[in-house]
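The values are calculated or read from the model by the stated rules, or taken from the named source; none is laboratory data. Just so we're clear, the structure is a prediction, and the values are computed from it rather than from any experiment. FYI the Cβ positions are ideal-geometry reconstructions off the backbone, even for glycines, and counts take in every protein chain you see. Ligands, DNA and RNA are stripped out before the accessible areas are found, and what is left, the full protein with its side chains, is counted by its heavy atoms. Shrake-Rupley method; radii C 1.70, N 1.55, O 1.52, S 1.80 Å.
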Amino acid sequence: MKTLLKSAALGLLALSAPAFADDWPSKNINLTVGYGAGGTTDSTARVLATLLEEELGTSVTVINKPGGGGSVAAGLAAAQRPDGYNVFTFTTGAAVLSPHRQDLPYDTLSDFTFIAQYGAWNLGIVVPADAPYQTFEELVAFAKENPGEISYAIAGTGTPQHLTMERLASEEGLDWKAVPFKGGAASVTALLGNHVDVMAGATEWLPQVQSGDFKLLAIITDARMDQFPDVPTLKDLGYDIAAPSILGIAAADGVPEDVVAKLNAAIQKATESEELQAIIDKLAMKMTYRNSADFEQNVRENYEIQGEIIRAAGLGK
C-alpha cells in the first residue's frame, strides 16, 4: 500500500510539474550556506542572494548551517522537497572529498540537482609573520624536528585544505594536528590569537597577509595567485598535489528542469555583474561559471579523481 501511495504521489507531482514551473517562484527561496558567517563562501553567497532577489522577483534568505566542511548543509538539502525553494552551496569538500572519507547521509552522484557553479577558491598555507619558519620548506623541517607541536586551523574536516595537509603529512612523515573550525573567519581569529600555529584555507587570510600580520608560504590550488606571484604552489615545491576548488549552487534531486533553467539563468547573470565580481576580487577568489550540465560533469569528474587519490594515500573510509 505504501508503495502504491508513493507511486501515485510521484505521478501527481510529475503531472503538475510544468504548471508549477511556470509559476515559479511564488514564495521565498532559502539559500543554505555550509559555513559560518563572514567567510568566503558566506560572503559571496550573500551577494549572490541579493542579485537573485533582483532577477527572480522574490526574497532569498541566507541560512548558515556550518559543519563537516559543508557536508551538514548538503545532508539537510538532500532531504528537502525538490521544488527549487531550498538550494545550498555545494562545495569541494562536501561534494568530492568527504564522501570518500566518511559515511554521509547523501550520495553526491544521485541525491542532488546541480544548478550552476559560480566560483572557485585560491587556497594557501599561512603562518604568523613572526613564526620561526619563513618558508614552506622551513615549516616542514620544523614539523619534522618537533613532532606533535604544530597545529593547523582548517574550515571544517573533509575540506580540500584538510586533505592537502593530510597528504603532506603522509608524504613527509609529519605529525601535525588539524584543528577544525566552522569557517575561515574563525580560523583567522585562532591564528591571530596564537591558538594554532598555521592556517590552511581560503583567502579569508588575505587582509592579514596584506597588512603583514601573516605570511603566505604556499598556494595549495593549481596556480599561483596574481596578487602574490612570488609565492610558490605545492607543485612548484615538488609535490604532485593541487587541491580541487568548487563553489556552486545545488538542490535536492528532482527539481523540475524549467526551475533549474530559471535559477541557472539568474546565477549566470549574477556572474556577469559588477557586484559579484567585486566581492570575488576582494576575496581573491576566481569567478568560475558553469551551467547545470557542466557543473555536474565537473563534480563527477573530480569525485572520481579525488576518490582515487584519497584511497591511494590511505585516507579513505
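Summary table
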item	result
Using θ = phi - 60° and Karplus 6.51 cos²θ - 1.76 cosθ + 1.60, couplings along the stretch 259-264 (whole Hz; Gly, Pro as x)	5, 4, 4, 5, 5, 4
Accessible area per residue in Å² at 1.4 Å probe, computed on the chain	43
Cα centre as origin, Lys/Arg/Asp/Glu Cβ charges: the stretch 105-212 dipole, Debye	300
Under-23-angstrom lysine pairs by C-alpha in the chain, whenever the two are 8 or more apart or on separate chains	20
In Å, descending, principal axis extents of the Cα set of the chain	66, 44, 30
Alpha-carbon radius of gyration plus Dmax, which is the widest Cα pair, for the stretch 207-317 in Å	17.6, 50
Residues whose placed amide H lies under 5 Å from that of residue 215, excluding near-sequence neighbours	127, 129
Radius, Kirkwood style, for the stretch 111-194 when every pair of distinct Cα atoms is counted (Å)	14.3
Magnitude of the charge dipole, the stretch 269-317, Cβ model with Lys/Arg +1 and Asp/Glu -1, debye to 20	240
Cα convex hull of the stretch 200-269 - mean projected area over all directions, nm²	7.3
Per-residue HN-Hα couplings for the stretch 55-66 [Karplus 6.51, -1.76, 1.60; θ = phi - 60°; Hz; x = Gly/Pro]	7, 9, x, 8, 6, 10, 9, 8, 10, 8, 10, x
Accessible area of residue 101 in the full protein assembly, 1.4 Å probe (Å², nearest 10)	60
Convex hull volume per residue for the stretch 56-144, taking Cα atoms only, in Å³	163
Counted charge near residue 147, where neighbours are those whose Cβ lies closer than 15 Å (Asp, Glu -1; Lys, Arg +1)	-3
Extreme residue, positive dipole direction of the chain, given options 313, 49, 268 (C-beta unit charges)	49
Theoretical ellipticity at 222 nm over the chain - DSSP helices of four or more residues, -39500 (n - 2.57) apiece, nearest 500	-13000 deg cm²/dmol
Nearest-10 value in Å² for the accessible area of residue 300, using the 1.4 Å probe	90
Accessible surface of the chain, 1.4 Å probe, proportion on carbon and sulfur as whole %	50
Charge context of residue 61, other residues only, Cβ under 12 angstrom, K/R +1, D/E -1	+1
Student exercise, the chain dipole from Lys, Arg, Asp, Glu Cβ charges, in Debye to nearest 20	860
Heavy-atom accessible area order for 162, 195, largest first, 1.4 Å probe	195, 162
Ranked order, 172, 138 - accessible area, probe 1.4 Å, largest first	138, 172
Debye-sum result for the stretch 236-296 in log10 I(q)/I(0), which assumes one identical scatterer on each alpha carbon, at q = 0.23, 0.26, 0.27 Å⁻¹	-1.02, -1.15, -1.19
